[in-house]
Amino acid sequence: MLHHKKKVLLEFCETLAETMFKFTSIVMRFAPVGVGAAIAVAVGSKGLSVLINLGLLILAFYGCALFFVVLILIPVMIIFKIPIKKFILAVKEAALIAFSTTSSEAALPKAMQSMENFGVPREIVAFILPTGYSFNLDGIGLYLSLASVFVAQAAGIHLSFGQQLIMVLTLMLTSKGVAILLGIDELVDMVRTMINVVGNCLASAVIARWEGKLVNNYLPKEA
């Protein structure tokens, strides 16, 4: 009787998972159409000149992401004596998954496994990475800062330095320009998600180093 109940529960979970994967597949299949439609609406309502502004926004975000890695993440590795080359090799696959799927959740299992192989204790990985997915979203923070200014400019609102400190409120108060951003969201989301994953992986390594529990036994897989 108990075996039958387990079988029914397992079949239900498998069916539910299959259904969710099917919905995900449908969304991913039609996502390019949605992105293309968003761009078409933006160009149709704002003209071709809007593509120049969107292109500059993408370049600005990529530049900010690069500066964040060089001026924030790498110095943190140096300060906490995290071996940079080994860390990059450890998070490479998780970062590529995040970049290609634009989904932090898709990269989470690989990120957790990679950090454990890097030498971070399981209890630190299990706490820091899932928690970081809610509170340590570096990539999203960078993008929202730039996007808030873009949306405010699209709405014709001039922001002083003081107002820029609370620019996130601009997204709540203005809707003009948000639809335009949908057209490039997929392009920035790849880097945005990758920064989130790498930042959280580094956070787990830093905490492990801080606690004196980081074991530098990571060996890259041979091709």
Condition check for VAL76: surrounded by 11 or more Cβ atoms within 10 Å (Cβ to Cβ), of a type in the set (Val, Ile, Thr), in contact (Cβ under 8 Å) with a residue 40 or more places away in the chain and not assigned by TED's automatic domain parsing to the domain that holds ASP138: no
For region 70-89, what are the residues that are farther than 26 Å from GLN153 by Cβ, of a type in the set (A, V, I, L, M, F, W, C) and out of contact with any Gly (no Cβ under 9 Å at 6 or more places or on another chain)? VAL70, ILE74, VAL76, MET77, ILE78, ILE79, PHE80, ILE82, ILE84, PHE87, ILE88, LEU89
Return the residue satisfying two criteria in turn: it lies in region 155-211 and is of a type in the set (D, E, K, R) and modelled with pLDDT of 80 or more, and of such residues it is nearest to GLY36 (Cα to Cα). ASP189
Is it true that ILE166 is of a type in the set (A, V, I, L, M, F, W, C) and either surrounded by 14 or more Cβ atoms within 10 Å (Cβ to Cβ) or more than 30 Å from SER45 (Cβ to Cβ) (or both)? no
Would it be correct to say that LEU71 is at pLDDT 90 or above, more than 18 Å from the chain's Cα centre (by Cα) and of a type outside the set (Ser, Thr, Tyr)? yes
Considering only region 114-134, I want to know if a residue exists there that is on the phi < 0 side of the Ramachandran plot and at pLDDT below 80. yes
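Residue by residue, here is whether (1) touching a helix residue (DSSP H, G or I) at 6+ places or on another chain (Cβ under 9 Å); (2) within 30 Å of VAL43 (Cα to Cα) holds:
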position	(1), (2)
ALA107	yes, no
PRO121	yes, no
GLY156	no, yes
LEU159	yes, yes
Top-ranked residue in region 84-121 [being of a type in the set (S, T, N, Q) and closer than 18 Å to MET190 by Cα; ranked as surrounded by the fewest Cβ atoms within 10 Å (Cβ to Cβ)]: SER100
Name every residue in region 37-60 that is closer than 23 Å to THR101 by Cα and at pLDDT 75 or above, in order of residue number. ALA37, LEU54, GLY55, LEU57, ILE58, LEU59, ALA60
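The values are calculated or read from the model by the stated rules, or taken from the named source; none is laboratory data. No experiment lies behind these values; they were computed from the predicted model shown. Cβ coordinates were reconstructed from backbone atoms using ideal geometry, including for glycine residues, and neighbour counts include every protein chain displayed.
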